[in-house]
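The values are calculated or read from the model by the stated rules, or taken from the named source; none is laboratory data. Remember, it's a predicted structure, so these values are computed and weren't measured experimentally. Neighbour counts are summed over all protein chains in view; Cβ atoms, including those assigned to glycine, are modelled from backbone coordinates with ideal geometry. To get the accessible areas, we keep the full protein, side chains included, count just its heavy atoms, and leave off ligands, DNA and RNA. Shrake-Rupley method; radii C 1.70, N 1.55, O 1.52, S 1.80 Å.
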Amino acid sequence: MAETTTIQITKQTRDELRKIGTMGDDYNKVINKLIAEHNRNQLAEHGEKFIKEHKDEFVSIDDL
């Protein structure tokens, strides 16, 4: 089993985490869900930025 730690959060944050989780989720699982969502958002933002910066390098499929 992985080593665990204790983190301090406010009661308000705890209550918000409870809303995000589903039945049977512990806080570790909820936090991992949030991390995964954050990573997806970062990837999407990176992709959008890349497209904006390189839009002149793309070719329309109609032009092929």
Restricting to the stretch 15-25, name every residue that is surrounded by fewer than 10 Cβ atoms within 10 Å (Cβ to Cβ) and not aliphatic (A, V, I, L, M). K19, T22, G24
Sole residue being exposed (fewer than 10 other Cβ atoms within 10 Å of the Cβ) and at pLDDT 95 or above, chosen from Q12, Q42: Q12
Only unsatisfied item for A2, checking (1) in a helix (DSSP H, G or I); (2) open to solvent by less than 100 Å² (accessible area, probe 1.4 Å), is (1)
